[in-house]
Every structure is written in structure tokens, then in C-alpha cells.
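The values are calculated or read from the model by the stated rules, or taken from the named source; none is laboratory data. Everything quoted here is computed from the prediction, not taken from an experiment. As a convention, Cβ positions derive from the backbone with ideal geometry for all residues, glycine included, and neighbour counts pool all protein chains shown. What goes into the accessible areas is simple: the full protein's heavy atoms, side chains included, and nothing from ligands, DNA or RNA. Shrake-Rupley method; radii C 1.70, N 1.55, O 1.52, S 1.80 Å.
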Amino acid sequence: AQTVTQSQPEMSVQEAETVTLSCTYDTSESNYYLFWYKQPPSRQMILVIRQEAYKQQNATENRFSVNFQKAAKSFSLKISDSQLGDTAMYFCAFMDSNYQLIWGAGTKLIIKP
Amino acid sequence: GAGVSQSPSNKVTEKGKDVELRCDPISGHTALYWYRQSLGQGLEFLIYFQGNSAPDKSGLPSDRFSAERTGGSVSTLTIQRTQQEDSAVYLCASSLKNPPDTQYFGPGTRLTVL
């Protein structure tokens, strides 16, 4: 069975610092998609960044970037110059060949002023 | 434009009652998904609709759960004879086309079964 593991239940950093959230997954497939979603207290699940497994280049969206290591099955999210509005739950998700999203348990990120 | 909307925002019901949760996807989106999020957990896939095709019901946890999508737009998730373990946030998402197109989520319905 395919699984997604987020080993950090909670993290806390000072505003403007850089933080990295870890995610590992287990699959035997070669083509798949990986996502990071953010869920603030409003409950709205918001896409942060997306990576296609066939692309070697790491995805980047403004202050958000990923370190995708396909062989290690690792997909970490780096947030640079963190802001108070980044405080949220962050979920890593894997999309398999059946196009179902398989989710990690989430990491609670707190940005302190 | 308008995002995915869900109603009600919160629902409290008594054990054994039936509940209906509604999802309005983004206009023009052909795919619609339902997920369940238990407290402090990740999301659990429930069901997926794509156009006029038969839905993928593989994630529904029991036959008490059902969903329909009328006219390729609005969807209703029905839970019959609710149990306390059904308490969770139910999230709906839609995407423009087939997967792996990006899914856009609604704010969810928090269901509490007493």
C-alpha cells in the first residue's frame, strides 16, 4: 500500500526564518504527482506547490520550494522568509495512478513574531 | 471567480439521524471529490465524480454513506443512521479536468454526532 509520512507533528520558527518540512512516501510506481497543501484555521485547504515525478527540476512558487529526491522518496517543503500568515497545518499528498490523493498526517507550523 | 462552497458550515446531529451535506463546485469544473478529515488527521478519500461517468466509490467506509451529483454540478453526500465515529470535517474539492489536475477545496462541513 502507498503511504505518506510526515515525521514532524509540530514545528515553530521565528518570523523571517527559513523552515523545512519533511515528507517521505512509499510507492512502487514511477509516474506520480506530489503536492503540498496548507490548511489555516479557516479549514480551507490551499495548494502550495505541486511536483511531477518525471520532472527532475524542483518546483518553486515564490517563497516556497521543494527538494524532491525521487530515489530516496523524499519531498520536503522549504519556506523562506517565513511570515505570520504561513501559520497553518501543512499536508503532503501523493497522487497515484488511480488519481487518488493519499495524505500525510500533517505538520502544524507556527510562525512566531 | 467563486470558489468551492459547502453547506452547512457546521452540523450537529443525534446518533441515528440522517444528514445531507452539500457541495457546489467551481463553475465549469468537471471533477468533484469528497474527503473526510478526522480531528488532527490527514484526509481520507471518499468518492470521486468525473463528468457523466460512474463515480469511484471505493473510499466510502460503509453502505450508510452515499453521494450523488446532479446535472454534473452540485453534489450531496448523505450519511444515514449517523454514528459518533462519523464526526469529522467533510471536505469537497473540484478540478477543471480529469486528474491529475489540481484540486480546489471548499471550507468543509464540520459534522458532530452526539
- Span per principal axis, largest first, for the Cα atoms of region A:12-113 (Å): 42, 26, 19
- If Lys and Arg each add +1 and Asp and Glu each add -1, what is the summed charge of the other residues whose beta carbon sits under 14 Å from the beta carbon of B:T109? +2
- Which whole-number percent is the relative contact order of chain B (Cα, under 8 Å, 6+ apart)? 38
- Message: Tell me the volume per residue, in Å³, of the convex hull enclosing the alpha carbons of the protein assembly as shown.
- Response: 129
- Task: Could you work out, residue by residue across A:102-108, how many beta carbons of other chains sit within 10 Å of that residue's beta carbon, and then give the average as an integer?
- Result: 3
- Query: So, in Å, what gap is there between the alpha-carbon centers of region B:1-76 and region A:36-98?
  - Reply: 24
- Task: Find out how many positive minus negative residues lie around B:T30, taking Lys and Arg as positive, Asp and Glu as negative, among other residues whose Cβ is under 13 Å from that of B:T30.
- Result: +1
- Query: Rg and Dmax of chain B over Cα atoms: what are they, in angstrom?
  - Reply: 13.3, 38
- Note on the structure: per DSSP, antiparallel bridges as share of beta bridges in region B:1-112, % nearest 5, sits at 90
- Given Cβ charges of +1 for Lys and Arg and -1 for Asp and Glu, the option among B:G108, B:Q83, B:T13 whose Cα lies farthest towards the positive end of the dipole of chain B is B:T13
- Query: Per-residue accessible area for B:L60 at 1.4 Å probe radius, Å² rounded to 10?
  - Reply: 40
- State the dimensionless ratio Rg/Rh of region B:55-114 (Rg: radius of gyration of Cα atoms; Rh: Kirkwood radius). 0.98
- Message: Quick check: with the 1.4 Å probe, what order do A:Y99, B:Y48 take by accessible area, largest first?
- Response: A:Y99, B:Y48
- Query: Is there a pair in A:K78/A:K112; B:K57/B:K97; B:K15/B:K57; A:K38/A:K112; A:K73/B:K97 whose C-alpha atoms are over 22 Å apart, and which pairs would that be?
  - Reply: B:K15/B:K57; A:K73/B:K97
